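Values quoted throughout were computed directly from the atomic coordinates according to the rules given, and no laboratory measurement underlies them. Computed from a predicted model, the values in this text were never measured in an experiment. In this analysis, Cβ positions are derived from the backbone assuming ideal geometry, glycine residues included, and neighbour counts consider all displayed protein chains.
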Amino acid sequence: MTEQKKRWAADRIPDQTDRVFVVTGANSGLGLATTRALARRGGHVILAVRDEAKGRRAAAEITAELPAARLEVRPLDLADLDSVRAFADRLRADHPRLDVLVNNAGVMAPPRSLSRQGHELQFAVHHLGHFALTGLLLDLLSGGRDPRVVTVTSLNHRKGGLHFDDLTGERAYSPMGFYNQAKFANAVFGRELHRRLTAAGSPVRSVLAHPGYTATNLQTSAPVGLVKVLFGRLLVPLAQPPAQGALPQLYAATDPGASGGELFGPDGRGELRGAPTRVALSPAAADAETGRRLWEVSERLTDVRFAFPTPAS
């Protein structure tokens, strides 16, 4: 790792004028920090949010600081695949292209609950909703300028696996265990998407990022019991602020050096905090057979098929 890259910060984001971004979960935490940084560099950012009122407040907060910011607020509930389709249809009607999709939104360690379509909530929000959204917007991304899909995973992907025989947690559910599964699915998806985009000769890059340990409302809004006490109170002094935690996904979204298929995270001890650097994906998440199997399951559960371009002969 070079000393130059260790110093990468938001002020090194290239000019993003006229580039169009979608950031999911953009009203708070990492999503809000990402939106603010992109807007500061001239990006046109679409805040994809479950709660429109919170999204409008977040946009107003940014425009109070950056009056020239180009922002849109649009409703998106990743736990409802009908909402994902409606969001994609409206975006396609209003925008001829999309340059970057940041799959950022999430929920952490709630009691077991199901999405509208009957999927375990964490798997639905983190993975299935983002899988469907990416597939439905791939045509817009294919026409973008240096187009990218940035999928935000977690250090916890290294603790996770896929319970293919019990994805809903009906037989055995633990809040953190299924959070780890969801973040593992993010990592598997990002790498498998890279494989398929590369094979198709697509210009779109699939890049992965993780924020290390960052203080956001993810640790306090959904967890219960010991998980909430641990992550929402006891460990908070060790966490970095969202503006720092967002740097790996900002690097993945904007820097020319972010190659497809790679994972970026903090460069500090244990990857908990620091400046963006290339870090290792777990071997299990990089496994091609796991990627193929998750892809097939995701197509079946979302009824979304990706329209990859046909490779040139």
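General observations
- By the count of neighbouring beta-carbon atoms within 10 Å, fewest first, Glu192, Glu271 end up ordered Glu271, Glu192.
- Length released on extending from Glu289 to Leu238, taking residue separation times 0.36 nm less the Cα-Cα span: 14.7 nm
- Cα shape, the stretch 77-154, gyration tensor, a/c 1.5 rule: oblate
- Potential lengthening of the chain between Asp165 and Arg305 amounts to 48.2 nm, from the contour at 0.36 nm per residue minus the alpha-carbon distance.
- Projected onto their three principal axes, the Cα atoms of the stretch 238-313 cover extents of 44, 27, 22 Å, largest first.
- Expressed as a fraction of 2.2 N^0.38 Å, the value expected for a compact globular protein of N residues, the C-alpha radius of gyration of the chain is 0.92.
- The stretch 99-104 - phi-based ³J(HN,Hα) in whole Hz, Karplus 6.51/-1.76/1.60, Gly and Pro as x: 9, 9, 10, 9, 7, 10
- Cα centroid separation - the stretch 112-143 against the stretch 239-280, whole Å: 23
- Formal net charge of residues neighbouring Lys159 (Cβ-Cβ distance under 15 Å; K, R +1; D, E -1): +1
- Calculated FRET value between Ala280 and Glu61, using beta carbons and R₀ = 45 Å, to 0.05: 0.80
- Note on Ser113 and Asp15: the extension gain reaches 31.1 nm, defined as 0.36 nm multiplied by sequence separation minus the Cα-Cα distance.
- Label point distance in nm, Ser259-Ala68, each placed 7 Å from Cα along Cα→Cβ: 3.6
- Dipole axis of the chain (+1 Lys, Arg; -1 Asp, Glu on Cβ), positive-most option in Thr310, Ser28, Thr168: Ser28
- Using Cβ point charges alone (K and R +1, D and E -1), the dipole size of the chain about the Cα centre works out to roughly 560 debye.
- Taking only alpha carbon atoms, the stretch 71-224 gives an Rg to Rh ratio of 0.97, where Rh is the Kirkwood radius.
- Under 16 Å from the Lys54 label point (7 Å along Cα→beta-carbon), backbone N, the stretch 116-142: 122, 125-126
- With K and R counted +1 and D and E -1, the other residues having a Cβ less than 14 Å from that of Ala10 yield a net charge of +1.
- With contacts taken as Cα pairs under 8 Å and at least 6 residues apart, the stretch 60-161 reaches a relative contact order of 34 percent.
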